[in-house]
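Contents: one structure, followed by commentary.
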Amino acid sequence: MPLVTTKEMFKKAYKEGYAIGAFNVNNMEMIQAIVEAANECRSPVILQVSAGARKYANPVYLRHLVAAAAETTDIPIAMHLDHGADFEICKDSIDNGFTSVMIDASSKPWDENIAITRKVVEYAHAHGVVVEAELGKLAGVEDDVKVDAKDALFTSPDEVEEFTAKTGIDSLAIAIGTSHGAYKFKPGQDPKLRLDILAEIEKRIPNFPIVLHGASSVPQDKVAIVNQFGGSMPDAIGIPESELTKAAKMAVCKINIDSDLRVAFTAAIRKHFVENPTHFDPRQYLGDARAMMKEMVKHKIVNVLGSANKI
């Protein structure tokens, strides 16, 4: 099936009260794990490419791997650029087959954010591509995106109407309590999403798709496996999955998931080499990593996002 944009995906998700997983990809095994899981769950899916993935795998390789994945299934797949830093990166991605791009000018002054975003929107829409932008700042680290906790800002509902109207974007990433990276909260804290802000934003821009970044929960069973087999990951507490499910039943149509996948992938490889120290065939340990990551994606689709059987 050819790659699609997120436009129809989000329209259906908003109406029926679920979210679509946007899973970060870095290599063939990760793409296979995500697409196989989504296919078995009969769920639409978004494969997204970060700046780090572009540097690591080369966007040309990733584009062809995603195209190959799309040929193996009939589920809707969108290919999304995550955190495009400027117009040139977004343009290059659009020209090379991405069906969705994010322009992240949230660190810029208000007028500059609008101007840059509008420029991307005009080019993207002329080429049949949809655009996501961001208001507010999430704390944490993800590849080239680094925001100190003291600089994090919740999205202001007072700004969303003007921003969406002046830019013409198709979806909006907001900051309501999630954060990039694995280590989000200290033990003993009770992390919650600011669903009150989300509800107010939904009032201001009804029927408009909202996006959550930094929404991995880093499950403790996978952290335990990493540590059991030679790792040193500290306890990591993310936003409870129940909070993400609540957001998915509101205006949130896309939830980004990355750290959970990395932890599962790494846990499987560590476990494989402790149990099979003489193995040297990458197909063996990467096969285990693919299988564990696939189960993680299925869990998210079925138990968190609610997108199973939504084709």
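Can you tell which of Ala70, Val60, Ala133 lies farthest toward the positive end of the dipole of region 1-156, using +1 and -1 charges on the Cβ of basic and acidic side chains (Lys, Arg; Asp, Glu)?
Value: Ala133.
For the residue pair Glu88 and Tyr61, what label-to-label distance in nm results when each label sits 7 Å from Cα along the Cα-to-beta-carbon direction?
In this crude label model, Glu88 to Tyr61 measures out at 2.3 nm.
Once both axes come from the Cα atoms, what is the angle between helix 7-16 and the longest principal axis of the chain, in degrees from 0 to 90, rounded to 10?
Approximately 90 degrees, to the nearest ten.
Using the Cα centre as the reference, give the magnitude of the dipole from point charges on the C-beta atoms of the chain (Lys, Arg: +1; Asp, Glu: -1; all else neutral), rounded to the nearest 20 debye.
That gives a dipole near 500 debye.
Please report, as a whole percent, how much of the solvent-accessible surface of region 37-88 comes from carbon and sulfur atoms (probe radius 1.4 Å).
Taking all protein chains in place, region 37-88 shows 55 percent carbon and sulfur surface.
Counting DSSP beta bridges in the chain, what percent are antiparallel, to the nearest 5?
15
Using Cα-Cα distances under 8 Å and only pairs 6 or more residues apart, what relative contact order does the chain have, in percent?
Relative contact order comes out at 22 percent.
Could you state how much accessible area Met250 has, in square angstrom rounded to the nearest 10, with a 1.4 Å probe and all protein chains kept in place?
50
Protein chains only, probe 1.4 Å: how do His83, His64, His125 rank by accessible area, largest first?
From most accessible down to least: His64, His125, His83.
Place a point 7 Å from the Cα of Asp74 along the Cα-to-Cβ direction; which residues of region 291-311 have their backbone N under 16 Å from it?
Only 309-311 pass the distance filter.
Tell me which residues come under 5 Å, amide H to amide H, from Asn26 once H is placed; ignore anything under 5 positions away on its chain.
Close amide H contacts, sequence-distant or interchain: Ile31.
Given +1 on the Cβ of Lys and Arg, -1 on the Cβ of Asp and Glu, and no further charges, what dipole in debye does region 1-152 carry about its Cα centre, rounded to the nearest 20?
Around 280 debye, computed over region 1-152.
Leaving out ligands, DNA and RNA, what percent of the accessible area of region 254-311 is carbon and sulfur, probe 1.4 Å?
Heavy-atom surface of region 254-311 belonging to carbon and sulfur, 1.4 Å probe: 53 percent.
In Å², and per residue, what accessible area does the chain have when probed at 1.4 Å with the other protein chains present?
Here the residues of the chain average 43 Å² of exposed surface.
The values are calculated or read from the model by the stated rules, or taken from the named source; none is laboratory data. These numbers come from a predicted model, not from an experiment. Methodologically, a virtual Cβ is constructed for each residue, glycine included, from the backbone with ideal geometry; neighbour enumeration extends over all protein chains shown. For the accessible areas, the whole protein counts, side chains as well, though only heavy atoms, and no ligand, DNA or RNA atoms are used. Shrake-Rupley method; radii C 1.70, N 1.55, O 1.52, S 1.80 Å.
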